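Visitor: Take this structure first; my questions come after.
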Amino acid sequence: MNALLLAHTEDLCMFSPASPPAESIRDVSFLVLAIAGAIFLIVEAVLLYCIIRFRRKAKAGNEPPQFYGSKPIEIAWTAAPALIVFVLVLVTTRTLWSVNVDPPEPREGDGALFVTVIGHQWWWEYQYESYNGKKLGFATSNELHVPVDDAQQRRPVYLKLKSADVCHSFWVPRLAGKTDLLPGRTNHTWFRTAEPGVYLGQCAEYCGTQHAKMLIRVIAEPPTDFEKWLANEQQPAVEDAAAQKGKAAFVAQSCINCHTVRFPNSPAKGTFGPDLTHLMSRASLASGILRNTPENLHEWVADPQKHKPGCLMPAFSLNEDDRAQMVSYLSTLR
Ligand code: CUA
């Protein structure tokens with residue numbers, strides 16, 4: 001069974017933040033919740049008291065004596081909520097300022113990772129710009145690898161967010177707040193974590209039929225593991241002598257109009273779909289909805305519409321042999 005990879009809801013819980021922006025957001029949420037909770041309790045208590053204390057008595061036929069307003073009380077219940085709202089505005093603004101910082105310029109040895117995130121219907125493109133001041137320049141999709149802080153250094157991650165089509169929203173609750181990806185506009189967000197692990201997220205702005213299947217996986221790793229992954233991603237695609245027939249089958253199909261596989265003189269330079277150069281280094285397919293196994297890959301290539309109706313990759317009705325060859329080639333792209 002191809003269960004969704006969202007296996008652990010705790011990986012999604014905004015109440016267990018693992019990054020400073022997510023912590024600030026949690027703190028504001030608790031403050032608002034506490035104030036709203038206190039108001040709720042006070043109002044309900046007064047309401048219950050009045051209902052019981054002033055209920056119509058069995059014997060009394062007449063209305064109780066009526067009051068027509070009290071200036072001091074009216075001033076008090078106008079001023080108190082205004083004051084509460086004012087305090088909430090101040091606290092929220094302070095949090096917004098601490099969360100929405102402009103990204104700094106990358107510089108040598110800063111430990112910072114800069115990635116441009118592009119929202120597509122219905123997948124995430126990650127263009128790795130620079131790390132620790134060194135230029136990168138490769139793209140991957142759906143699974144964002146980032147380094148964690150270590151004893152030597154903090155390793156913040158700065159994301160530049162754009163959209164290729166409609167509005168999307170990048171939300172990994174344990175790392176940072178929602179940030180929209182809007183056509184014709186660039187937004188920014190950042191996070192930093194010291195806890196290695198997988199952080200899950202989700203597109204948080206309705207963007208079409210497969211909005212719900214636009215999942216995010218952030219893989220936070222110790223710097224040495226991250227750098228190993230980075231070095232592999234920067235390499236061209238592996239050349240497996242046993243998969244040459246499959247490679248020829250892949251290159252002969254129209255897949256190359258939408259997908260990139262980097263190798264010398266590669267005709268596969270499409271940018272409309274995910275870069276497949278290191279496809280097998282990802283744990284999931286189709287933006288997090290399927291485990292990346294050869295069987296699922298086979299099924300996906302045979303008919304993407306089965307798992308993601310309406311997705312922009314059509315079924316190419318390849319013959320069984322060509323498809324098997326292609327999948328065996330794709331399965332070598334580690
Ligand atoms: Cu992208 Cu919802």
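Visitor: Got at least one residue in the range 205-219 being part of a loop (DSSP other than H, G, I, E, B), touching a Pro at 6+ places or on another chain (Cβ under 8 Å) and within 30 Å of I25 (Cα to Cα)?
Guide: Yes: the range 205-219 contains one or more residues that are part of a loop (DSSP other than H, G, I, E, B), touching a Pro at 6+ places or on another chain (Cβ under 8 Å) and within 30 Å of I25 (Cα to Cα).
Visitor: Keeping to the range 243-270, report how many residues are in a loop (DSSP other than H, G, I, E, B) and either of a type in the set (K, R) or touching a Cys at 6+ places or on another chain (Cβ under 8 Å) (or both). Reasoning before the result, please.
Guide: Going residue by residue through the range 243-270, those that are in a loop (DSSP other than H, G, I, E, B) are 253, 258-259, 261-268, 270.
Of the ones still in play, those that are also either of a type in the set (K, R) or touching a Cys at 6+ places or on another chain (Cβ under 8 Å) (or both) are 262, 268, 270.
Qualifying residue count for the region: 3.
Visitor: Within the range 10-46, which residues are in contact with a strand residue (DSSP E or B) (Cβ under 9 Å, 6 or more places away or on another chain) and part of a helix (DSSP H, G or I)?
Guide: D11, L12, P20, P21, A22
Visitor: Taking into account only those residues within the range 167-176 that are within 16 Å of the ligand (Cβ to nearest atom) and buried (at least 19 other Cβ atoms within 10 Å of the Cβ), which is farthest from P147 (Cα to Cα)?
Guide: H168
Visitor: Is it true that G288 is within 21 Å of Y126 (Cβ to Cβ), within 21 Å of the chain's Cα centre (by Cα) and in contact (Cβ under 8 Å) with a residue 12 or more places away in the chain?
Guide: Details: within 21 Å of Y126 (Cβ to Cβ): yes; within 21 Å of the chain's Cα centre (by Cα): yes; in contact (Cβ under 8 Å) with a residue 12 or more places away in the chain: yes.
Criteria met by G288.
Visitor: Please verify whether the range 131-138 includes one or more residues that are under 20 Å from H188 (Cβ atoms) and within 16 Å of the ligand (Cβ to nearest atom).
Guide: no
Table: residues versus (1) of a type in the set (D, E); (2) on the phi > 0 side of the Ramachandran plot; (3) out of contact with any Leu (no Cβ under 8 Å at 6 or more places or on another chain).
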residue: H259; (1), (2), (3): no, no, no
residue: F263; (1), (2), (3): no, no, yes
residue: D275; (1), (2), (3): yes, no, yes
residue: H278; (1), (2), (3): no, no, no
residue: R282; (1), (2), (3): no, no, yes
residue: N292; (1), (2), (3): no, no, no
residue: P314; (1), (2), (3): no, no, yes
residue: E320; (1), (2), (3): yes, no, yes
residue: S328; (1), (2), (3): no, no, yes
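Visitor: Quick check on this structure: which one of R94, R107, R55 is surrounded by 10 or more Cβ atoms within 10 Å (Cβ to Cβ) and free of Cβ contacts under 8 Å to residues at least 12 places away in the same chain?
Guide: Details: R107 fails: free of Cβ contacts under 8 Å to residues at least 12 places away in the same chain; R55 fails: surrounded by 10 or more Cβ atoms within 10 Å (Cβ to Cβ).
The conditions single out R94.
Visitor: Quick test for you: out of A194, A151, A176, pick the one residue that is farther than 11 Å from V218 by Cα, more than 14 Å from the chain's Cα centre (by Cα) and touching a residue at least 24 places away in the same chain (Cβ under 8 Å).
Guide: A194 is the lone residue from the list that is farther than 11 Å from V218 by Cα, more than 14 Å from the chain's Cα centre (by Cα) and touching a residue at least 24 places away in the same chain (Cβ under 8 Å).
Visitor: If D27 satisfies every condition in (1) within 30 Å of R94 (Cα to Cα); (2) at pLDDT below 90; (3) acidic (D, E) but one, which is the exception?
Guide: (2)
Visitor: Looking at A212, A204, A252, A164 in this structure, which one is without any contact (Cβ under 8 Å) to a residue 12 or more places away in the chain, among the small types (G, A, S), within 16 Å of the ligand (Cβ to nearest atom) and more than 19 Å from G111 (Cβ to Cβ)?
Guide: A212
Okay, residues lined up against (1) at pLDDT below 85; (2) surrounded by fewer than 19 Cβ atoms within 10 Å (Cβ to Cβ); (3) among the β-branched types (V, I, T); (4) more than 20 Å from R217 (Cβ to Cβ):
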| position | (1), (2), (3), (4) |
| --- | --- |
| Q234 | no, yes, no, yes |
| A243 | yes, no, no, yes |
| K247 | no, no, no, yes |
| F250 | no, no, no, yes |
| I256 | no, yes, yes, yes |
| M280 | no, yes, no, no |
| S287 | no, no, no, no |
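Visitor: Continuing with this model, one more query. Report yes if some residue within the range 77-95 is more than 41 Å from the chain's Cα centre (by Cα) and not polar (S, T, N, Q); otherwise report no.
Guide: Checked the range 77-95: at least one residue is more than 41 Å from the chain's Cα centre (by Cα) and not polar (S, T, N, Q).
Visitor: So which residues in the range 130-146 are in contact with a Gly (Cβ under 8 Å, 6 or more places away or on another chain) and surrounded by fewer than 17 Cβ atoms within 10 Å (Cβ to Cβ), if there are any at all?
Guide: Within the range 130-146, G133 is the sole residue that qualifies.
Visitor: Then there's this: Could you go through the range 177-193 and let me know if any residue there is among the aliphatic types (A, V, I, L, M), away from the ligand (no atom under 11 Å from the Cβ) and at pLDDT 95 or above.
Guide: yes
Visitor: I would also like to ask the following. If a residue has to be among the aromatic types (F, W, Y) and under 26 Å from G177 (Cα atoms) to count, how many in the range 66-107 make the cut?
Guide: 2
The values are calculated or read from the model by the stated rules, or taken from the named source; none is laboratory data. The structure displayed is predicted, hence computed values, not measured ones. Neighbour counts run over all protein chains shown; Cβ positions are idealised from the backbone, glycine included.
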